[in-house]
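The values are calculated or read from the model by the stated rules, or taken from the named source; none is laboratory data. The structure displayed is predicted, hence computed values, not measured ones. Don't worry about glycine lacking a Cβ; one is built from the backbone with ideal geometry, like all the others, and counts go over all protein chains shown.
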Amino acid sequence: MVRPSATRQSHNTEACRGAWTGEEDQKLVQAIELYGPRRWNVVAANAGLNRCGRSCRLRWLNYLRPNIKIGNITDQEEDLILRLHKLLGNRWSLIAGRLPGRTDNEIKNYWNSHLSKKIKLQNQNRVLKMESMHTQPPEIDAVKVLEDNEKATTKVEEESKTTRFIEGDDLFHCADEDPLSLEWMSKFLDLDESWFEFA
DNA sequence: AATTTGCCCAACCGCAGACTC
DNA sequence: GGAGTCTGCGGTTGGGCAAAT
């Protein structure tokens, strides 16, 4: 569905640009206290900022809202992201919803800059290991290694697509919960992964 | 010391579903 | 019921910084 007028309206290009200043943040928080963190165009119009509603929303969700955690993703969180990504694919908001205080943008960035490389390396190592186990000549066919790596990555992606069985995003949304809840989530995923191995 | 390169991450964009009138 | 508007999501971009040359 293409609605150019709507797109134009919600992208006031002159009013949406640039990094946020401390002063802008303050004004935004004050406006949200008055109008609530939902009516973004109302907030934007009344905050005294040269920003559009969606820019305000993004700033609030990613940096200003209470209980937000920025940076220092722990090993436990990283492990959880890896498992959830295996289950849910690139559904960053769903993954973020299961990591208290983390945002979809942060997880997406973390995945793109850290974890995707990590996974590629793991796949590469796995393929090399398999290669060495077979009776093929010792020299490695670099093209084949890359192809196999791609195949392995695609397989993981396909698996994640076919395993999106968790219906209802609010089912166990825990964005505002205690970080300790990561433990039960890990246990849940352990159970879940063993189920898939069994199946 | 100056320049180039590569990486990270905050912010933007397009799309699509939900909502309102 | 349909057009217009709002909101949320995921992909992408580009500025800033550190490391390498």
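General remarks:
- Enumeration of residues in segment A:17-40 that are within 12 Å of DNA strand B (Cβ to nearest atom) and among the polar types (S, T, N, Q): A:Thr21
- Condition broken by A:Ala6, with the remaining ones in (1) within 13 Å of DNA strand C (Cβ to nearest atom); (2) at pLDDT 85 or above; (3) assigned to a helix (DSSP H, G or I) satisfied: (2)
- Test result for A:Trp92, at pLDDT 85 or above, in contact with an Asp or Glu (Cβ under 7 Å, 6 or more places away or on another chain), within 8 Å of DNA strand C (Cβ to nearest atom) and not aliphatic (A, V, I, L, M): yes
- Of all residues in segment A:34-71 being among the aromatic types (Phe, Trp, Tyr) and under 19 Å from the mean Cα position of the chain (by Cα), the one that is farthest from DNA strand C (Cβ to nearest atom): A:Tyr63
- Candidate set: segment A:91-113, residues that are within 20 Å of A:Asn123 (Cβ to Cβ) and touching a residue at least 12 places away in the same chain (Cβ under 8 Å); chosen: the one nearest to DNA strand B (Cβ to nearest atom): A:Tyr110
- Residue match in segment A:80-98 (condition: buried (at least 18 other Cβ atoms within 10 Å of the Cβ), of a type outside the set (A, V, I, L, M, F, W, C) and within 17 Å of A:Asn62 (Cα to Cα)): yes
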